[in-house]
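First up is the structure itself, then whatever we jot down about it.
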Amino acid sequence: PGTMQAVEECAAEIEEATFTGPIFDIFDDVGDAEKMDIAKIKNLLKEDMASQKVDLGISEAILNGAVYGTGIAEVVMDTTVDQKPATKPALGGQAVQVGVERKERTVVKLRPILPQNFLVDPNGTSVDDSMGVCIDEFVGTETVIQAQEKGIYDPDVDCGYATTDSDLEPTQDLTI
């Protein structure tokens, strides 16, 4: 209990230092005549970070760093569909259509990664020196099939199903 409390206090201190004040700052170039464009971008970025719960991802990465000694997070680009009520004139302006306007946009998410799932090129001495990195984790078959249908994964590869290893499963008939 004492070690757990010390780790949580350490993570809380780091979170407090991270989230006190602005997380980022954007500076306007000197030659720009319009000064409000940067303020608008900052507010939009703050709204996007809040809607995608980036602060929770940062908090979990900090806690992983306090527990394991290394905090890692993956930046994920994703597309989302924003929906809002809209009206549109119809029949030459004599009627109004009421419906939903859909707009697809790109969002950035932050996904914390456990250190045991993060693999670095064994020939590199650091992440910068390596040929690349890999995140090793189990993904559901349905997720792989959906990614194949979207064209993210190669659709010609049969993902198959994982074989069950009965040696690792508890025997239901065994009584002590």
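Values quoted throughout were computed directly from the atomic coordinates according to the rules given, and no laboratory measurement underlies them. This is a predicted model, so every value here is computed, not measured. Cβ atoms come from the backbone with ideal geometry, glycine included; neighbour counts cover every protein chain shown.
Summary of values
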| item | result |
| --- | --- |
| Excluding exposed DSSP-loop trypsin sites (Lys or Arg not before Pro) (at most 16 other C-beta within 10 Å), longest clean stretch of the chain | 54-176 |
| For region 95-130 and region 1-24, distance of Cα centres in Å | 24 Å |
| Distance (nanometres) between label positions extended 7 Å along Cα→Cβ at VAL81 and LEU119 | 3.6 nm |
| Calculated Rg and Dmax of the chain using C-alpha coordinates, Å | 24.1, 81 |
| Interchain or long-range residues, amide H under 5 Å from TYR153's placed H | GLN148 |
| Two-decimal Rg to Rh for region 61-118 - Kirkwood Rh, Cα set | 1.45 |
| Exposed-site-free run, longest, the chain (rule: chymotrypsin sites (Phe, Trp or Tyr not before Pro); DSSP loop; at most 16 other C-beta within 10 Å) | 28-137 |
| P(r) tail fraction, region 1-77 - alpha-carbon pairs more than 17 Å apart, % | 58 percent |
| GluC sites (Glu not before Pro) restricted to DSSP loop in region 12-84 with at most 10 other C-beta within 10 Å | GLU34 |
| In Hz, Karplus ³J(HN,Hα) per residue of region 104-120 (6.51, -1.76, 1.60; θ = phi - 60°; x = Gly, Pro) | 8, 8, 8, 10, 10, 10, 10, 10, x, 10, 6, x, 6, 9, 9, 10, 10 |
| Eligible aspartates and glutamates near LYS40 by straight Cα distance, threshold 18 Å, same-chain separation 8 or greater | ASP25, ASP28, ASP29, ASP32, ASP48 |
| Karplus-derived HN-Hα couplings along region 22-30 (A = 6.51, B = -1.76, C = 1.60, θ = phi - 60°), whole Hz, x at Gly and Pro | x, 6, 9, 9, 10, 9, 7, 6, 5 |
